[in-house]
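Below you'll find the structure, written out as structure tokens, and then a few comments.
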Ligand SMILES: C[S@@+](CC[C@H](N)C(=O)[O-])C[C@H]1O[C@@H](n2cnc3c(N)ncnc32)[C@H](O)[C@@H]1O
């Protein structure tokens, strides 16, 4: 028999916060996860969902408030998971992220003694995203834009997204109005009908260039020329309107086919003084300002010398490698996605950089090839996806004996797992710096410096 039932209303003390930012209360040892609740608070809750091991609840009222609580901008931003920490002061968010990293360093890496530096945050932790992917659906007979309720595909209409550039919010509304005017049919995912699936907007933080991508189910847009002309009229700053066609019944947003309906195929933006062309499909860091902070930490940790050979592993479109190229002898970058390497080579050309070599391939296969060829790296920088590094990559990189390995990670748990393996192979973790790339959300990025032990 479980200690709580669905629809129970009860008063609980919040004792902790999950890594997803939900408050945790316990009834007879049974955990209840509560949205919009902070440790130290006493809240009255309504139990929404009950499972064998835990339950979910929502707050009815807050009886005792935490000092870290700030006024909610908009509750839908928590419900949709756009800004699950917006009820927490920014200072408390940064502290929470530092503690989360300390926690995995203790539990996963078994390095309780390591000092985790305070999280580097933003001066203004709102409106920082340079890209939005907004689903379009029909609600009460009308074309709507917004975001899905957490763990669902129910669209909640939203106009002000709080964490994305306000230029993007306005662009989404302007495009929505044009689509309504021309009676463009919103996509229906249940039977794979309708036309417009997503509106994607990218805004160059430094250049102000603006790209609108209309993701449609089929190629033909009825009165397409007029739709495009009206979007241009409504958004005089738009530099590029792209159509992407995705006919599949899938959660994947972008389809294979892309064509330019207006302006350029790409927008340009900058990172630490280098220029990058960004196409509708390319990966580009979504928080430009903090990406610069993150890269700068990696550069400072690497303490580069003019004679250094550097490997930029998991290089994406080459942004880290191109940023450091001027400071070193040569950079080798590898990345598994061929389109990203195509972009990286284009970026190399635009920035007139000669001392960089990019190669397509899985890092765990390319690195041993380079080792066999006799490439000797003084510094290896790694920036893998959430799942972290392959063990064979860790072994090869340690066997290459670079002076330093700089590990940039978007997942502290896999980071902690991997640095533990490095410790067994002669690389000591000497610095660890969390950087807040995604304010108002529980995500945290870390940069670690691994130094060769003599
Ligand atoms: C977190 S991103 C880093 C990108 C880049 N450093 C940046 O800052 O924009 C991780 C990159 O690793 C790539 N990737 C994933 N698995 C890989 C593998 N096995 N080998 C090489 N690259 C891989 C992804 O395609 C992605 O571009």
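The values are calculated or read from the model by the stated rules, or taken from the named source; none is laboratory data. Remember, it's a predicted structure, so these values are computed and weren't measured experimentally. With ideal geometry, Cβ positions are generated from the backbone for all residues, glycine too; neighbour counts draw on all protein chains shown.
Within the stretch 24-56, can you find the residues that are under 18 Å from residue 80 (Cβ atoms) and either assigned by TED's automatic domain parsing to the domain that holds residue 440 or within 27 Å of the chain's Cα centre (by Cα) (or both)?
Those that are under 18 Å from residue 80 (Cβ atoms) and either assigned by TED's automatic domain parsing to the domain that holds residue 440 or within 27 Å of the chain's Cα centre (by Cα) (or both): 33, 34, 35, 36, 37, 56.
Which pairs turn up if I take residues in the stretch 101-115 that are free of Cβ contacts under 8 Å to residues at least 40 places away in the same chain and look for partners that are assigned to a loop (DSSP other than H, G, I, E, B) with beta carbon separation below 8 Å, at least 6 apart in sequence or on another chain?
These pairs meet every condition: 102/116; 106/112.
Please go through the stretch 255-268 and pick out each residue that is buried (at least 18 other Cβ atoms within 10 Å of the Cβ) and under 19 Å from residue 179 (Cα atoms).
261
Looking at 320, 299, 341, 375, which one is near the ligand (Cβ under 9 Å from one of its atoms) and not in a strand (DSSP E or B)?
Selected residue: 320, the only one of 320, 299, 341, 375 that is near the ligand (Cβ under 9 Å from one of its atoms) and not in a strand (DSSP E or B).
Do we find a residue being surrounded by 14 or more Cβ atoms within 10 Å (Cβ to Cβ) and under 23 Å from residue 240 (Cβ atoms) anywhere in the stretch 145-159?
yes
So if I check each of 289, 264, which one is away from the ligand (no atom under 16 Å from the Cβ) and either without any contact (Cβ under 8 Å) to a residue 24 or more places away in the chain or under 17 Å from residue 206 (Cβ atoms) (or both)?
Every option except 264 fails the conditions.
Touching a helix residue (DSSP H, G or I) at 6+ places or on another chain (Cβ under 6 Å) and modelled with pLDDT of 95 or more: is that true of residue 241 in this structure?
Against the criterion (touching a helix residue (DSSP H, G or I) at 6+ places or on another chain (Cβ under 6 Å) and modelled with pLDDT of 95 or more), residue 241 qualifies.
Could you go through the stretch 277-296 and let me know if any residue there is part of a strand (DSSP E or B) and over 30 Å from residue 436 (Cα atoms).
Among the residues of the stretch 277-296, not one is part of a strand (DSSP E or B) and over 30 Å from residue 436 (Cα atoms), which makes the answer no.
Evaluate the following for residue 292: is it modelled with pLDDT of 95 or more and touching a strand residue (DSSP E or B) at 6+ places or on another chain (Cβ under 8 Å)?
yes
So which residues in the stretch 132-142 are touching a residue at least 40 places away in the same chain (Cβ under 8 Å) and surrounded by fewer than 19 Cβ atoms within 10 Å (Cβ to Cβ), if there are any at all?
133, 138
Hey, any hits in the stretch 243-252 for a residue that's within 16 Å of the ligand (Cβ to nearest atom), under 22 Å from residue 130 (Cα atoms) and in the same structural domain as residue 215 (by TED's automatic domain parsing)?
Yes, there is a match, as at least one residue in the stretch 243-252 is within 16 Å of the ligand (Cβ to nearest atom), under 22 Å from residue 130 (Cα atoms) and in the same structural domain as residue 215 (by TED's automatic domain parsing).
For residues that are more than 25 Å from residue 153 (Cβ to Cβ) and part of a strand (DSSP E or B), tally how many sit in the stretch 165-216.
3
When only residues in the stretch 323-338 that are in a loop (DSSP other than H, G, I, E, B) and over 21 Å from the mean Cα position of the chain (by Cα) count, which is surrounded by the most Cβ atoms within 10 Å (Cβ to Cβ)?
In this case the residue turns out to be 328.
Confirm whether residue 390 is near the ligand (Cβ under 8 Å from one of its atoms) and under 23 Å from residue 451 (Cβ atoms).
Taking the combined requirement at face value, the residue satisfies it.
Going by the conditions given, is residue 156 in a helix (DSSP H, G or I) and either closer than 30 Å to residue 297 by Cα or touching a helix residue (DSSP H, G or I) at 6+ places or on another chain (Cβ under 7 Å) (or both)?
For residue 156, the condition - in a helix (DSSP H, G or I) and either closer than 30 Å to residue 297 by Cα or touching a helix residue (DSSP H, G or I) at 6+ places or on another chain (Cβ under 7 Å) (or both) - is not met.
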